[in-house]
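Here's the structure, in C-alpha cells; my notes come after.
The values are calculated or read from the model by the stated rules, or taken from the named source; none is laboratory data. Here the structure is a predicted model, which means the values were calculated and not measured. Positions of Cβ are generated from backbone atoms using ideal geometry, with glycine treated the same way; all protein chains shown enter the neighbour counts. These accessible areas exclude ligands, DNA and RNA; they are computed on the full protein's heavy atoms, side chains included. Shrake-Rupley method; radii C 1.70, N 1.55, O 1.52, S 1.80 Å.
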Amino acid sequence: MVAMRSFPLLAGLLCCLALAPAWARELSCQPCWHGFGDVQIGSSISYSFRLSNTGSRTLQLTSKSKQGSEFSFGKFPLPMNLQPGASVELPVIFKPTAKGYVTGVFELASTAKDSKLTMNVSGFGVVTRNPRLGVSPATLSFGKVTVGSSANLQATLTASNAPVTISSDGSTSSEFLLALNLPVTIPAGQSIRVTVKFKPNASGTASGRAGFISNASDSPTVELLTGTGVAPLSHYVDLSWNSGGGDPVGYNVYRGTIQGGPYQKINTALDSSTNYTDSTVVSGKTYYYVSTEVNAQGQESAYSNVARAVIPSP
C-alpha cells in the first residue's frame, strides 16, 4: 500500500516540474548572432547588439571579452548599470585581414543570474577590384545661352567594383558651376545625378572640364563641357506722330505702364522731329505712349492719342 501511494505522488511531482516555467533571463540580447557578410580586406563594418534588462532589479555590466582577432568592441565603457526595462546598444566591429570565412564570440559578464551573455558573429573577408567612377554623357553640350542668363544640365556619376566616395569637385571655367553636396559616397553599382550650370559671361564659344576627386582608381573623373554665349536681344520702340498744326517748336514724349497714366516724360530735351526711338524698354513689358506739342512761349498742349507697345520676351 505504501508503494501504491508513493507512485502517484512521484508522478505528480514530475508533472509539476515539467509544467513549471523556467526563470526568465535577466540580461538578454536581440539578436544574439550576427553575420557581417562580405567585407573587403582592410575595410571595417560595425553592428550593434541590443542588450535589455528584462528583470526587476538593476544589473551591473562588469566586464567584456571576445574571441577572434578580426573582431573588436566598439565604444562601450564598463562598468555600467542597466535599470529594469532599460536597453543599451553594444557596438562590435569586423575588420578582416585575410580572405575567407571567420567566426568570433563576444561575452559580457554581469550581476545577472546568468552572469555571462554570449553573442556570436561571423563574416567573410573578400578581395574586391579597385573602385571606379564613370560619368555620362562624356560631354555636356549646352548649346546657345543668352549672356546674363543660365542653363542647367545633369550628368550621371556611377560607381563600379566598390563604393566610391567623392571628396571634392571643380570646374576649369568660371562659366560652368557644379551643384553637388560633398562628400558623398556612391554604393557599388549605383549612380547619382549632378547638376551643371552654364552661365556665359560674354558672347562666343565657352569650354571647360568638370573634375571629380574620389577614392576611385581612375580619379579624377573628368567631363567635358561646352556652350555658346549669345548677346541678349535688344528691343526698342519707334514712335512717330503728326503735328497738330499749332506751329510747335518741339515735342515731348511720355511713357507709362498703365493705360490712362500716369505718364513720365522720357525725352531729355525737346524733340524737334515728329519721331522718337525708345531704347530703354524691358523684355516682357507693355508700355503706353503719348506726345505733346510745345510752342515758342513754352506752352505745352494736351496729350495726344495713346500708342500701345508690347515688348517681346526675351
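At a glance:
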item	result
Residue check, ARG57 open to solvent by 60 Å² or more (accessible area, probe 1.4 Å), assigned to a strand (DSSP E or B) and among the charged types (D, E, K, R)	no
Residue tally, condition outside any strand (DSSP E or B) and out of contact with any Leu (no Cβ under 8 Å at 6 or more places or on another chain), over the range 124-149	9
Qualifying residue in the range 93-115 (condition: farther than 30 Å from SER207 by Cβ, in a strand (DSSP E or B), within 34 Å of the chain's Cα centre (by Cα) and at pLDDT 95 or above)	yes
Total residues in the range 213-245, condition free of Cβ contacts under 8 Å to residues at least 40 places away in the same chain and part of a loop (DSSP other than H, G, I, E, B)	3
Residues satisfying the stated conditions in the range 247-297, i.e. among the small types (Gly, Ala, Ser) and within 17 Å of VAL237 (Cβ to Cβ)	GLY256, SER273, SER279, SER283, GLY284, SER291
Residue in the range 269-276 that is surrounded by 10 or more Cβ atoms within 10 Å (Cβ to Cβ), over 53 Å from the mean Cα position of the chain (by Cα), aliphatic (A, V, I, L, M) and at pLDDT 95 or above present	no
Qualifying positions in the range 286-314 - surrounded by 12 or more Cβ atoms within 10 Å (Cβ to Cβ) and under 53 Å from the mean Cα position of the chain (by Cα)	THR286, TYR287, TYR288, TYR289, ALA307, ALA309, ILE311
The range 60-96, residues that are touching a Pro at 6+ places or on another chain (Cβ under 7 Å), exposed (fewer than 15 other Cβ atoms within 10 Å of the Cβ) and within 17 Å of MET119 (Cβ to Cβ)	THR62, GLY74, LYS75
Hits in the range 184-202 - residues which are touching a residue at least 40 places away in the same chain (Cβ under 8 Å), under 16 Å from ALA159 (Cα atoms) and surrounded by fewer than 16 Cβ atoms within 10 Å (Cβ to Cβ)	ALA188
Single residue of ASN120, ASN152, ASN181 found to be under 30 Å from SER46 (Cα atoms), open to solvent by 60 Å² or more (accessible area, probe 1.4 Å) and in a strand (DSSP E or B)	ASN120
Which listed residue is within 19 Å of the chain's Cα centre (by Cα), of a type outside the set (Ser, Thr, Tyr) and closer than 21 Å to THR172 by Cβ, from GLY204, GLY211	GLY211
Output for the range 101-135, where each listed residue is in contact with an Asp or Glu (Cβ under 8 Å, 6 or more places away or on another chain), in contact (Cβ under 8 Å) with a residue 40 or more places away in the chain and hydrophobic (A, V, I, L, M, F, W, C)	ALA112, LEU117, MET119, PHE124, VAL126, LEU133, VAL135
Among residues of the range 80-113, those that are in contact with a strand residue (DSSP E or B) (Cβ under 7 Å, 6 or more places away or on another chain) and within 14 Å of ASN53 (Cβ to Cβ), counted	15
Qualifying residue in the range 26-36 (condition: at pLDDT below 90 and in contact with a strand residue (DSSP E or B) (Cβ under 6 Å, 6 or more places away or on another chain))	yes
Checking SER283 against (1) under 50 Å from the mean Cα position of the chain (by Cα); (2) farther than 30 Å from LEU177 by Cα, the condition it does not meet	(2)
